[in-house]
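Laboratory data are not the source of any read-out in this text; all were calculated from the coordinates shown. Everything quoted here is computed from the prediction, not taken from an experiment. Here the Cβ is made from the backbone with ideal geometry for all residues, glycine too, and neighbour counts use every protein chain on show.
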Amino acid sequence: MLTATTQRVEDGQALRYRFMEMEDRYRKQALAMACALISLVDLRDAYTGGHSSRVASYARATALRLGLPDGQLDKVVMGALLHDIGKIGVPDHVLLKRGRLTDEEFAHIKKHPELGWMALKNIEDFKPISLIVLHHHERMDGVGYPGGLKGNAIPLGSRIIAVADSYDALTTDRPYRTARTKQQAIDELLRCVDVQFDSRVLAAFLDALD
Ligand SMILES: [Fe+2]
């Protein structure tokens, strides 16, 4: 009797380990798939190469400071990796243009959050991530795009990516300007707090940056 009970406990533990192994494998595969997808965007626009992985790294550190549980943290990191995936659908003459964009060209660029959302929303496990991608250019004052969402109506993951994305854009060279210093970028983010960025998220980001 004791042997049979011990056997059942061992079987249960073996099953749990097997399940954890499968879950770990699934998470790694999903992450690898996200990296593969975003490398396609990086291939088209070498100038921003590495941008998505840096944004993912900043977003992860910020989400950890905010105390997000593991499941939510994974979604934020995945959303950060994939936030610009929709740029695959932006025409070359717009995406690769080094000068100032016309209104019509900028309208093309503004479609990328929706294009990314459309690509991801039909994958069952990626639904919450697709919403994070959709809203990563919203602003706290409600004049962002595409939804014009305001304040806490913007998914937290999108608010985190907005800060991480802007910081990385400011601190890297662009065709139209050289990179700002770390302090200049921080000053710029602080100037836009509550207007563009969530103050709680920005505080966590700056904390993580230290
Ligand atoms: Fe974007």
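Key figures
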quantity: Projected label distance in nm at residue 7 and residue 64, using a 7 Å step from Cα toward the beta-carbon; calculated: 4.5
quantity: Exposure proxy order (Cβ contacts within 10 Å, fewest to most) of 90, 163, 9; calculated: 9, 90, 163
quantity: Qualifying lysines (Cα of each under 16 Å from Cα of residue 97; at least 8 residues distant if same chain); calculated: 87, 110
quantity: Percent breakdown of C-alpha pair distances by 10 Å bin, ordered from the shortest bin, for segment 2-209; calculated: 8, 31, 35, 14, 6, 4, 2, 0
quantity: Segments 172-185, 60-73, 24-37, 122-135 sorted - mean Cβ within 10 Å per residue, highest first; calculated: 122-135, 60-73, 24-37, 172-185
quantity: At 1.002 mPa s and 20 °C, Stokes diffusion of segment 95-175 via Kirkwood alpha-carbon radius, µm² per second; calculated: 157
